[in-house]
Amino acid sequence: MKSEKEIQDASLLPRPAKLLLSWSAARDRREELEGDIEELYARRVKTEGGQKARRRLYRDVISATRTLFSGNKNSSYRKNTTKGDGIMKNLWQDLRYGARMLARNPGFTAVAVLTLALGIGANTAIFSVVNTVLLKPLPFEEPEQLVYVYEAYPEQGFWRGWHSAPLYYDWKERNESFSQISPIWRRSYILTGLGEAAHLSATSVVSDFFPLFRVTPILGRSFGPEEEVEGKDQVAVISYGFWQERFGGDGEILNTSIVLNGTPHAIIGVMPPGQEFPRNTKLWTPFVVPDESNRRGFKFMYSVARLKPEVTLEQARANMTAVAKSIAEDYPKNFSKEFDTGLLPM
Amino acid sequence: MKGERLGEFEELVLLTVYGLGLEAYGVTILDKLEKDTERSVSIGAVYASLDRLEKKGRLRSNVGGATPERGGRRKRFFAVTQSGVQMLMQMRRIREKIWSQLDAKAPTQGVSR
């Protein structure tokens with residue numbers, strides 16, 4: 001005599017089919033239903049192959065139990081699900097009636113489903129746009145003080161030009177509007193020695209960058225001015241996402257060495273989640289900004305700055321236009337008269 | 001009384017159960033129905049009819065012993081009751097009467113063109 005367990009193990013029926021049956025068939029009829037359906041299935045597996053037999057199986061299961069949906073309340077095969085009374089019973093009846101009507105009018109059902117799909121789709125699409133454009137604030141404190149700083153030639157309609165290292169120093173020294181300014185150098189590193197080699201989207205910034213965004217690492221520290229020096233700059237602050245995906249959120253990550261473009265860098269900090277500025281930055285390294293005032297044509301960066309609390313955007317623009325004029329006067333070979341500083345709110 | 005009469009499919013199921021004798025359960029009934037009627041029959045329709053016929057008293061069912069195949073699950077066997085047999089005989093008599101009247105006339109009579 002087989003035990004109950006052995007009997008169940010010997011059963012061929014796939015689990016979903018069994019679940020459907022147990023969910024919808026009356027308890028005292030389940031055994032024979034399962035038996036009949038399994039017998040048919042076992043035979044069809046042999047004669048018609050597994051895939052076809054499985055299709056027929058689910059058709060059988062549904063047809064055997066559809067009394068649940070299609071109304072015949074008195075069927076002995078139907079699980080008694082309408083025990084409730086009053087509101088719940090009426091609701092259940094209404095739902096079943098609705099389902100029957102939809103099943104009976106496939107054309108109407110298709111139109112209804114399509115209408116719902118389009119409506120939901122359009123709403124979702126519009127909400128995602130509104131959410132990113134209007135609702136979601138920058139993930140930084142007092143974001144209205146944050147601006148992009150570009151080399152601009154407004155008369156030519158040119159507002160977002162990259163600039164050179166010397167211009168960053170000029171702006172930093174001559175402005176009266178920024179509490180901090182940092183150049184941004186978007187770069188990519190080849191990461192090696194950590195499993196598969198990978199291309200990393202990274203950013204080099206000066207130490208003012210982190211105070212500028214008022215972001216502090218959740219682990220370790222960000223870098224200081226002493227590391228913006230050739231030879232001392234082999235440190236990296238990594239993003240939360242990169243930390244999770246490459247190191248599994250390892251708490252002992254600090255001072256781990258990773259090889260970027262062939263040079264070992266020590267990981268000194270991890271940034272909080274969601275603060276990967278500029279977008280997709282996996283790690284930040286110190287920007288050793290070359291102080292070579294003769295290389296004013298070498299433009300490969302833009303800057304970000306935080307306005308002083310008492311300075312409005314208009315005041316800052318006026319101030320930076322004046323600064324641009326004085327720079328253009330000092331270096332007439334490098335700047336035309338139209339040169340201006342472009343300030344764009346973030 | 002309407003509930004006492006049989007639908008076409010119910011009649012076929014009842015007749016099939018009668019023909020199968022002691023071997024009438026879900027699978028054999030389905031097989032024989034499909035073979036004899038030359039059409040695909042859904043197991044759900046068979047169960048629904050068996051159930052109705054039993055409630056009308058034309059069929060009787062009881063669960064058999066454990067089986068070595070089909071995961072050891074028992075079968076429910078169906079048998080036609082005395083009133084079921086009477087009903088089948090009556091249906092047959094009615095049909096044969098109508099056919100014999102028809103056969104006495106020209107074979108094409110009554111066919112609409």
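General observations
- Complete set of residues in the stretch A:142-162 that are closer than 13 Å to A:Met320 by Cβ and surrounded by fewer than 20 Cβ atoms within 10 Å (Cβ to Cβ): A:Tyr148, A:Tyr150, A:Pro154, A:Trp159
- Looking only at the stretch A:214-256, and only at residues there that are among the β-branched types (Val, Ile, Thr) and in contact with a strand residue (DSSP E or B) (Cβ under 6 Å, 6 or more places away or on another chain), the one that is nearest to A:Val288 (Cα to Cα): A:Val235
- For the stretch A:57-82, the candidate set comprises residues that are under 42 Å from the mean Cα position of the chain (by Cα) and modelled with pLDDT of 70 or more; within that set, the residue that is surrounded by the fewest Cβ atoms within 10 Å (Cβ to Cβ) is A:Arg59.
- When residues of the stretch B:27-63 are limited to those that are within 14 Å of chain A (Cβ to nearest Cβ) and of a type in the set (S, T, N, Q), the one surrounded by the most Cβ atoms within 10 Å (Cβ to Cβ): B:Ser49
- Index of the failed condition, B:Ser100 passing every other in (1) more than 14 Å from chain A (Cβ to nearest Cβ); (2) of a type in the set (Ser, Thr, Tyr); (3) surrounded by 13 or more Cβ atoms within 10 Å (Cβ to Cβ): (3)
- Across the stretch B:64-90, the number of residues qualifying as more than 8 Å from chain A (Cβ to nearest Cβ), surrounded by 22 or more Cβ atoms within 10 Å (Cβ to Cβ) and either of a type in the set (Lys, Arg) or closer than 17 Å to A:Asp36 by Cβ (or both) comes to 1.
- Taking residues in the stretch B:51-70 that are among the polar types (S, T, N, Q), and partners anywhere that are crowded, with 18+ Cβ neighbours inside 10 Å, the pairs with Cβ atoms closer than 7 Å and at least 6 places apart or on different chains are B:Ser61/B:Arg76; B:Ser61/B:Phe77; B:Ser61/B:Phe78; B:Asn62/B:Phe77; B:Thr67/B:Arg73; B:Thr67/B:Lys75.
- Filter result (in contact (Cβ under 8 Å) with a residue 24 or more places away in the chain and either loosely packed, with under 14 Cβ neighbours inside 10 Å or closer than 16 Å to A:Asp233 by Cα (or both)) within the stretch A:163-181: A:Glu176
The values are calculated or read from the model by the stated rules, or taken from the named source; none is laboratory data. Values in this document were obtained by computation on a predicted structure and should not be read as measured data. Note that each Cβ is placed from the backbone with ideal geometry, even for glycine, and that neighbours are counted across all protein chains shown.
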